[in-house]
Every structure is written in structure tokens, then in C-alpha cells.
Amino acid sequence: MGSENLSQDTLAEQLLELAIKSGAEAAEVYQSRSLSRPVFFEANRLKQLETSQSEGTALRLWRKGRPGLTVAYGSVEPQAMVERALALSELNQPEPVELISNSQPSYPDLGEAVAVEVLVNWGKEAIALIRNNYPDVLCNSDWECDVETTRLINTQGLDCYYNDTTLSCYMSAEWVRGDDFLSVSDGQTQRDYLDPEKLAYQILQRLAWAKENVPPPNGRVPVLFTSKAADMLWGTAQAALNGKRVLEAASPWAERLGKEIIAPSLTLYQDPQAGPYSCPFDDEGTPTQSLVFIEQGILQNYYCDRTTGRKLSNGTTGNGFRPSLASYPTPGLFNFLIKPGSASLKELIQKIDDGLIVDQMLGGSSGISGDFSINIELGYRVQKGQVIGRVKDTMVAGNVYTALKQVELGSDADWNGSCYTPSLIVEGLSTTGRNN
């Protein structure tokens with residue numbers, strides 16, 4: 001399952017050779033193999049251990065300049081795969097061949113695998129810490145070690161691969177109090193070690209805040225998004241920085257390079273060596289790079305794949321990724337980091353005279369428009385710098401671009417998916433709720 005085995009597999013070479021013999025002028029093969037060992041807990045008890053493997057191969061070729069893409073999972077019949085790709089190429093318009101030659105064949109393995117027994121012990125430890133304080137709470141969780149190998153090879157001489165090990169966990173605590181149901185959840189993703197004590201503490205803090213149900217504020221109030229909820233705002237920023245959206249003039253930040261677009265306290269960037277979402281090369285074989293998108297509120301860069309970068313006349317930034325194995329590369333992010341501030345979460349809360357904490361939401365990103373109206377799944381009211389209880393049946397609405405012009409950042413940055421973000425206070429969002 002390791003990168004060494006994948007690099008010694010001859011399937012990719014067979015596909016390239018057959019593609020050229022069948023009339024293609026260029027071709028590439030993208031291979032992905034994964035081995036996952038999840039551990040599941042349900043209702044405070046160990047429920048299930050699993051081992052799952054998957055393998056996928058994508059062939060992209062060009063004949064008469066027309067691209068064709070086909071995908072196979074598991075075992076592959078090379079000739080049939082080449083014939084399907086050639087047939088599909090007849091349906092597409094000609095385009096430039098976007099392939100690169102070799103830059104670096106192998107990269108250091110990322111992350112360390114852990115034994116299933118370790119995952120089980122971490123799960124038991126986290127559940128015990130929560131139930132020692134709240135014996136009536138039911139905990140569900142899963143803990144996983146995932147090893148993935150990626151290889152990309154093409155007819156220009158590119159052949160690169162790496163091995164990526166990621167540890168992740170997710171836990172929910174369900175608390176039933178008469179007719180009132182509360183569900184608090186949190187998770188972690190890391191390379192080498194998961195911290196069950198930190199995970200349990202985060203859930204215990206939320207349970208303590210939720211002991212009382214209180215009426216929400218109405219009108220325009222400051223809203224604190226925890227690091228777990230803040231990526232709702234950053235999803236819009238990521239869309240606006242996408243070179244493809246800029247090319248289509250769909251981004252409000254198009255033609256704004258060098259200008260201040262958000263608060264001077266905000267610096268947004270990517271780092272190919274940072275955290276559990278580090279990545280040595282993109283799905284086009286281009287080495288990834290450190291890139292500052294916005295520095296102290298001023299727009300510096302967009303992110304691009306090879307095609308988008310060529311059309312924008314600034315080249316690729318090493319951000320050509322496939323949304324799925326069956327997709328063509330398109331501008332994407334491997335990680336997205338927000339430089340944290342200096343105030344702790346407790347200090348941020350103390351700054352609020354009357355407002356809300358948003359910790360879990362129903363609904364997704366606001367999209368490229370920036371307008372949002374979200375239902376709060378788990379939120380708390382703050383008065384005079386203190387959390388006084390949980391709010392229910394409450395909505396928050398506003399516009400991301402406007403909100404990001406006046407924010408205060410915390411120091412508690414953490415990974416929420418591939419976004420590394422601190423908690424932050426946004427001023428003057430509109431809140432509506434039912435006063436119980």
C-alpha cells in the first residue's frame with residue numbers, strides 16, 4: 001500500500017504506452033490508493049472496527065488536441081480504458097495540452113500511522129473524561145488512521161508520488177433533558193497524534209455553557225464565531241480568490257490586486273508544509289508553494305491551475321486539483337490559513353457586552369455572493385462578558401464581504417477541515433430569534 005509499491009506498479013506505464021500507440025499525442029495517469037482503519041464508538045461503547053481499501057486510476061489523453069478522461073476503480077483492463085478515453089475525446093473541443101516534465105520524482109512520506117489499539121484507547125479516554133462530568137450524556141465517535149498514496153505520471157517524463165498518513169477523529173455528545181435535546185460535536189485532524197483530552201475539554205466547555213436555555217438577542221449585535229464555525233466566512237473568501245471566478249468576472253475581488261479589500265488585521269495564506277493538509281504537489285504535478293493571498297487586508301494573489309493561470313497571464317500557482325478522480329483539474333486549495341490575533345477565546349468573550357457565540361450551524365457556505373442567513377444549531381448568549389446560556393430558534397444574517405471589514409481575531413487557531421482559523425468577532429450582524 002505504500003508509495004514504493006505504487007511507484008513500482010507498471011499499470012501507469014502500460015496505459016501511457018497504449019495511449020500513444022493508439023494515436024494519442026499526449027497522456028497522463030493519476031493513481032490513488034488508500035487504506036483506512038476506522039474505529040467506531042456508539043452510545044459510550046466500542047461498536048465496530050473496520051479495514052477498508054480503495055484504488056482508483058484516471059487516464060487523461062489528447063488525440064488531435066481533443067481531451068478524453070476515463071476512470072477505473074479496482075482492477076483495470078488497460079486496453080478498454082484507453083479505448084473509452086479515445087471515444088470520449090471525440091466529443092470534446094481541442095484545447096492546449098497542459099502537461100509538465102519531471103521536477104522531483106519522490107517526496108518524503110507525510111505523517112505516522114498508529115495502531116488500532118491506540119485509536120481505541122484514545123476513544124475510551126475521551127468518552128471517560130466527558131462521562132465523569134456528565135454521566136447522562138451519550139457519546140458517539142469515530143477514530144481513524146488513513147494512509148493514501150498518490151502517483152502522477154505522464155508522457156512528458158513526469159513521474160512523482162508521495163505517501164500521506166492522516167489521523168482524524170469526530171465525537172458527538174448527546175444530552176437529553178426532558179423535552180430538550182442537545183448535541184455537541186467536535187473533531188480533530190492531525191498527522192502524528194490525536195489529543196483526546198483536548199477534544200473532551202472542548203465538548204465539556206460547550207456542555208457547561210448550555211446548562212441553561214436563555215432568550216436570544218434581537219437586532220444588530222456582535223457575533224463571535226468559534227474556530228469551529230468561522231470557516232463559513234472563509235468559504236466565501238476562498239471562492240473570491242479562485243482564479244477561475246476572477247477570469248469569469250464572478251469574483252467581487254477581480255481587478256482589485258494591490259488594494260485593501262478587508263480589515264487590515266487579516267492575513268490569509270497557504271503553506272504546503274503546514275499541518276495535516278500539507279501537500280507537496282498538485283494534481284497536475286506542479287510543486288505547491290507558499291502563497292499569501294491577502295496581507296494585512298491588501299489583495300496580493302489569486303490561486304490558479306495551469307489553464308486558468310495561462311488565461312490570466314500569470315501562470316499556475318500549483319493549485320490545480322481534481323474535485324474527484326473523474327474530474328479535470330481546476331483551481332483548488334489544499335490548505336487555507338488565517339493568521340491569528342492575540343486575544344484568547346475567553347478574552348474575546350469578555351469584550352462582548354451583549355451578543356452571540358455561534359458554534360454550530362445548519363446550512364453551508366454563503367457562496368460567491370457573500371450573503372448568508374443561517375440557523376444556529378448550537379449557540380450561546382453573552383452578556384457583560386459572560387456566557388449566560390444556550391439560545392435556540394435563532395438566525396444570523398449578513399454579508400461576508402461587509403463582515404470581514406470589521407473583525408477582531410482570537411489566538412485560538414485550529415484546523416476546521418483544511419481551514420486553519422481562529423475564533424473571531426464580527427460586528428453588527430442581524431439576529432432574529434424566538435424569545436422563549
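The values are calculated or read from the model by the stated rules, or taken from the named source; none is laboratory data. Everything numeric in this text was worked out from a predicted model, so none of it was measured. Don't worry about glycine lacking a Cβ; one is built from the backbone with ideal geometry, like all the others, and counts go over all protein chains shown. Note: areas computed on protein heavy atoms with side chains; ligands, DNA, RNA excluded. Shrake-Rupley method; radii C 1.70, N 1.55, O 1.52, S 1.80 Å.
Using beta carbons and a limit of 8 Å, which pairs, at least six apart or on different chains, have the first residue in segment 127-141 and among the acidic types (Asp, Glu) and the second one surrounded by 12 or more Cβ atoms within 10 Å (Cβ to Cβ)?
ASP136/TRP175; ASP136/VAL176
Being surrounded by fewer than 17 Cβ atoms within 10 Å (Cβ to Cβ) and among the β-branched types (Val, Ile, Thr) narrows it down to one residue among VAL116, VAL76, VAL137; which is it?
Values: VAL76 fails: surrounded by fewer than 17 Cβ atoms within 10 Å (Cβ to Cβ); VAL137 fails: surrounded by fewer than 17 Cβ atoms within 10 Å (Cβ to Cβ).
Unique residue meeting the criteria: VAL116.
Quick one: in segment 22-45, of everything that is open to solvent by 70 Å² or more (accessible area, probe 1.4 Å) and part of a strand (DSSP E or B), which residue is modelled with the lowest pLDDT?
Of segment 22-45, the ones open to solvent by 70 Å² or more (accessible area, probe 1.4 Å) are 25, 37, 42, 45.
Okay, now just the ones that are also part of a strand (DSSP E or B), so 37, 42, 45.
On the way: ARG37: 92, GLU42: 97, ARG45: 96.
So the residue we want is ARG37.
Cβ contacts < 9 Å: first residue over 17 Å from ALA19 (Cβ atoms), restricted to segment 89-103; second residue of a type in the set (A, V, I, L, M) and open to solvent by less than 70 Å² (accessible area, probe 1.4 Å), any location; separation 6+ or different chain. Result?
ILE100/LEU158; SER101/LEU158; ASN102/LEU158; SER103/LEU158
So GLU112 ticks every box in (1) assigned to a loop (DSSP other than H, G, I, E, B); (2) within 27 Å of the chain's Cα centre (by Cα); (3) within 22 Å of TYR328 (Cβ to Cβ) but one. Which box is left unticked?
(3)
Which condition number does GLY157 fail, the rest of (1) part of a strand (DSSP E or B); (2) open to solvent by 20 Å² or more (accessible area, probe 1.4 Å); (3) small (Gly, Ala, Ser) being met?
Failing condition for GLY157: (1).
Within segment 313-330, is even one residue among the aromatic types (Phe, Trp, Tyr), under 23 Å from GLU148 (Cα atoms) and in a loop (DSSP other than H, G, I, E, B)?
Yes, there is a match, as at least one residue in segment 313-330 is among the aromatic types (Phe, Trp, Tyr), under 23 Å from GLU148 (Cα atoms) and in a loop (DSSP other than H, G, I, E, B).
One residue is enough: does segment 273-283 have a residue meeting the conditions crowded, with 17+ Cβ neighbours inside 10 Å, within 30 Å of ARG151 (Cβ to Cβ) and touching a helix residue (DSSP H, G or I) at 6+ places or on another chain (Cβ under 7 Å)?
Looking for residues that are crowded, with 17+ Cβ neighbours inside 10 Å, within 30 Å of ARG151 (Cβ to Cβ) and touching a helix residue (DSSP H, G or I) at 6+ places or on another chain (Cβ under 7 Å), one finds none in segment 273-283, hence no.
Determine whether LEU86 is buried (at least 18 other Cβ atoms within 10 Å of the Cβ), farther than 30 Å from ARG45 by Cβ, at pLDDT 95 or above and touching a Ser or Thr at 6+ places or on another chain (Cβ under 7 Å). Spell out the reasoning first.
On the way: buried (at least 18 other Cβ atoms within 10 Å of the Cβ): yes; farther than 30 Å from ARG45 by Cβ: yes; at pLDDT 95 or above: yes; touching a Ser or Thr at 6+ places or on another chain (Cβ under 7 Å): yes.
Judged against the criteria, LEU86 is a match.
May I ask you to list pairs of residues, at least six apart or on different chains, whose Cβ atoms are under 7 Å apart, with the first in segment 46-57 being open to solvent by less than 70 Å² (accessible area, probe 1.4 Å) and the second being part of a loop (DSSP other than H, G, I, E, B) and modelled with pLDDT under 95?
From residues that are open to solvent by less than 70 Å² (accessible area, probe 1.4 Å), the pairs are GLU55/GLY74; GLY56/LEU325; THR57/VAL76.
Within segment 2-20, is there a residue that is assigned to a strand (DSSP E or B), at pLDDT 95 or above and open to solvent by less than 80 Å² (accessible area, probe 1.4 Å)?
Pass one, segment 2-20, residues assigned to a strand (DSSP E or B): none.
No - not one qualifying residue is present in segment 2-20.
Going by the structure shown, is CYS145 over 30 Å from LEU15 (Cβ atoms) and outside any helix (DSSP H, G or I)?
Numbers: over 30 Å from LEU15 (Cβ atoms): yes; outside any helix (DSSP H, G or I): yes.
It is true that CYS145 is over 30 Å from LEU15 (Cβ atoms) and outside any helix (DSSP H, G or I).
So how many residues does segment 263-289 have that are assigned to a loop (DSSP other than H, G, I, E, B) and within 17 Å of the chain's Cα centre (by Cα)? Please lay out each step first, then the result.
If we filter segment 263-289 for residues that are assigned to a loop (DSSP other than H, G, I, E, B), which is where we start, we get 263-267, 271-274, 278-280, 282-286, 288-289.
Filter once more, keeping what is within 17 Å of the chain's Cα centre (by Cα): 271-274, 278-280, 282-283, 288.
Adding up the residues that qualify gives 10.
Sort through GLU295, GLU260 and tell me the only one that's of a type in the set (Asp, Glu), open to solvent by 30 Å² or more (accessible area, probe 1.4 Å) and more than 23 Å from the chain's Cα centre (by Cα). Spell out how you get there, then give the answer.
On the way: GLU295 fails: more than 23 Å from the chain's Cα centre (by Cα).
GLU260 is the lone residue from the list that is of a type in the set (Asp, Glu), open to solvent by 30 Å² or more (accessible area, probe 1.4 Å) and more than 23 Å from the chain's Cα centre (by Cα).
Does GLN53 qualify as being farther than 19 Å from ASN163 by Cβ, in a strand (DSSP E or B) and modelled with pLDDT under 95? Before the answer, list the steps.
Working: farther than 19 Å from ASN163 by Cβ: no; in a strand (DSSP E or B): yes; modelled with pLDDT under 95: yes.
Here the answer is no, as GLN53 does not meet what is asked.
For segment 385-404, name all the residues that are in contact with a strand residue (DSSP E or B) (Cβ under 8 Å, 6 or more places away or on another chain), open to solvent by 20 Å² or more (accessible area, probe 1.4 Å) and more than 27 Å from ILE298 (Cα to Cα).
Matches in segment 385-404: VAL387, ILE388, LYS392, ASP393, MET395.
Restricting to segment 204-253, name every residue that is of a type in the set (Ser, Thr, Tyr) and not in a loop (DSSP other than H, G, I, E, B). Write out each step before concluding.
Within segment 204-253, the subset of a type in the set (Ser, Thr, Tyr) is 226-227, 236, 251.
Answer for segment 204-253, where residues must be of a type in the set (Ser, Thr, Tyr) and not in a loop (DSSP other than H, G, I, E, B): just THR236.
Name the residue that is farthest from GLN360 (Cα to Cα), counting only residues in segment 181-201 that are open to solvent by 20 Å² or more (accessible area, probe 1.4 Å) and part of a helix (DSSP H, G or I).
GLU197
Select, from LEU88, LEU61, LEU119, the only residue that is within 22 Å of GLU25 (Cβ to Cβ) and part of a helix (DSSP H, G or I). Write out each step before concluding.
Details: LEU61 fails: part of a helix (DSSP H, G or I); LEU119 fails: within 22 Å of GLU25 (Cβ to Cβ).
Step by step, each of LEU88, LEU61, LEU119 is checked, and only LEU88 is within 22 Å of GLU25 (Cβ to Cβ) and part of a helix (DSSP H, G or I).
For segment 352-375, give me each residue that is part of a strand (DSSP E or B) and touching a residue at least 60 places away in the same chain (Cβ under 8 Å).
ASP354, GLY355, LEU356, ILE357, VAL358, ASP359, GLN360, MET361, PHE372, ILE374
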